[in-house]
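Worksheet for the structure shown next.
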Amino acid sequence: MELEKIKLLSELINASLSGKKIEKVPSGLDFDELTELASKQKMQTMLLKPLLGAEGLSEKQAEYIKNASMRSFIKSANQLHDVDIIDKALEGAGLKHQFLKGTILKDIYPNKELRDMGDIDILVDEDELGRVDEVLIANGFTMSNSVKHHDIYVKKPFTVLEVHRYLSEDKHLGLDCRYFREGGNNLLVDGTGYTYRYSPEYFYIFMIMHMARHFYERGCGVRGLVDLYVYKNRYAGEMDDKYLDAKLKEYHLYDFEKHMDRLSQIWLGGVQWTSFYENLFDYMIDGDVYGKEENGIWSQFAREKTVEDSKLARLKLRMWYLFPSYQYMANYNEWLRGKPYLLPVAWLYRATHVSKKHRFRQNLANSADSAKIHSIQHIYKEMNFAFRE
């Protein structure tokens, strides 16, 4: 993306964060391109609302922004109402719980409407899932699906609730045993008996961990950069930087955090751009808020010792898709956990039940442009990830 367009996005975001309006529609603004990007990155209110009342905005464009802002406001208000219902119901039932991600981040922004939230995420005590289910059903929720680490509930018209038994990011780093226990990293909220919340430092670590996992698997959008920027400004001088650095190094997230923090400061804080961060920003804004499917191949290419594309690198990648490691397969197949001797059975099942996603990635691995492979592989190597597969 051209730097002028990147700077325009920064101008719109900073206007939203400061509560200011744009006096005149910037020259060169492509409204259709902006609305498409805002929709993909789930930043419609933040990117569009500052333009309302700007000189040069057409009536049709103004109507579009008003409608988009109203939809966002209604959805947000409905979600927050349901958060309050869930919180009071679980607290009243004596069930330990902790809200995560967007529910917490909304409180950090100067205006809650600015931070769109796709769903509500909550962590509960795994041993109490049955009782949690009863409480949610009694309050109008219906379970729609159950996946490896969370159950999905819905409540019309807007609310999707993910009830986490554990956090997959923490599973990869061996932290899943610390929830709701004395000496853990979450703290009981004042005036409650069962409602927990991370300390500012540990929520930041969780935020980076969640962002890194998305980036590692399929990339992530630029909304996370805004979250990072807003959060660090909100808690500037309050967090223990030495503790943060030590923990980020322990969890192999130090390099990722430093690069993302730097990029957020460059983009939103007016720091000088470099070619590496231009490439990183382009990679992040190219997909949607949670990246895109084809990005899943880059983390595999990045495991190669050389950054050069080669027939050998492509062959290794194809072999990885055919015969993934035990750690990877066990992560997605609970029946395999603790039974590595069944790995060949898992490979056979994978080979005979090839999904469209795997075919797509295999084809992309064969046809990917060498220059793009080199550029994005360099980005992944700079992040110095050490996740288990």
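The values are calculated or read from the model by the stated rules, or taken from the named source; none is laboratory data. Keep in mind that this is a model prediction, so the values were computed, not measured. All Cβ positions, even for glycine, are placed from backbone atoms using ideal geometry, and neighbour counts span all protein chains on display. For accessibility, only protein heavy atoms count, side chains too; no ligands or nucleic acids. Shrake-Rupley method; radii C 1.70, N 1.55, O 1.52, S 1.80 Å.
If the requirement is being more than 24 Å from TYR202 (Cβ to Cβ) and charged (D, E, K, R), which of these qualifies: ARG115, ARG131?
Numbers: ARG115 fails: more than 24 Å from TYR202 (Cβ to Cβ).
Of ARG115, ARG131, the one residue that is more than 24 Å from TYR202 (Cβ to Cβ) and charged (D, E, K, R) is ARG131.
Among residues belonging to the range 208-222 that are buried (at least 21 other Cβ atoms within 10 Å of the Cβ) and in a helix (DSSP H, G or I), point out the one that is modelled with the lowest pLDDT.
Ranking the qualifying residues of the range 208-222, first place goes to TYR216.
Within the range 159-207, restricting attention to residues that are farther than 20 Å from VAL147 by Cα and in a strand (DSSP E or B), which residue is modelled with the highest pLDDT?
Filtering first and then ranking leaves THR195.
For the range 1-30, which residues satisfy the criterion of being within 21 Å of ASP286 (Cα to Cα), open to solvent by 20 Å² or more (accessible area, probe 1.4 Å) and without any contact (Cβ under 8 Å) to a residue 40 or more places away in the chain?
Hits for the range 1-30 are GLU2, GLU4, LYS5, LYS7, LEU8, GLU11, GLY28, LEU29, ASP30.
Please go through the range 204-233 and give me each residue that is within 21 Å of PHE385 (Cβ to Cβ) and of a type in the set (Phe, Trp, Tyr), ordered by number.
TYR204, PHE206, PHE215, TYR216
Being of a type in the set (A, V, I, L, M, F, W, C), outside any loop (DSSP other than H, G, I, E, B) and farther than 24 Å from GLY224 by Cβ is the filter here; which residues of the range 4-33 pass it?
The one that is of a type in the set (A, V, I, L, M, F, W, C), outside any loop (DSSP other than H, G, I, E, B) and farther than 24 Å from GLY224 by Cβ: PHE31.
If we only count strands (runs of 3 or more DSSP E) wholly inside the range 70-158, which ones have 1 or more residues that are open to solvent by 40 Å² or more (accessible area, probe 1.4 Å) and over 30 Å from TYR235 (Cα atoms)?
Answer list for the range 70-158: 142-146, 150-155.
When only residues in the range 242-289 that are acidic (Asp, Glu) and part of a helix (DSSP H, G or I) count, which is least open to solvent (accessible area, probe 1.4 Å)? Even if it seems obvious, please write down each step before you answer.
Our first condition is that a residue be acidic (Asp, Glu); within the range 242-289, this holds for 245, 250, 255, 257, 261, 278, 282, 286, 288.
Adding the requirement that they be part of a helix (DSSP H, G or I) leaves 245, 250, 255, 257, 261, 278, 282.
Values: ASP245: 45, GLU250: 95, ASP255: 56, GLU257: 2, ASP261: 31, GLU278: 63, ASP282: 51 Å².
Taking the candidates together, the pick is GLU257.
Condition check ((1) under 14 Å from LEU114 (Cα atoms); (2) at pLDDT 95 or above; (3) of a type outside the set (Lys, Arg); (4) touching a strand residue (DSSP E or B) at 6+ places or on another chain (Cβ under 7 Å)) across all residues:
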{"residue": "GLU4", "(1), (2), (3), (4)": "no, no, yes, no"}
{"residue": "LYS20", "(1), (2), (3), (4)": "yes, no, no, no"}
{"residue": "SER72", "(1), (2), (3), (4)": "yes, no, yes, no"}
{"residue": "GLY92", "(1), (2), (3), (4)": "no, yes, yes, no"}
{"residue": "GLN98", "(1), (2), (3), (4)": "no, no, yes, yes"}
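Quick test of your reading of the structure: ALA62 fulfils all but one of (1) among the small types (Gly, Ala, Ser); (2) under 17 Å from ILE22 (Cβ atoms); (3) part of a helix (DSSP H, G or I); (4) open to solvent by 40 Å² or more (accessible area, probe 1.4 Å). Name the failing condition by number.
For ALA62, the failing item is (4).
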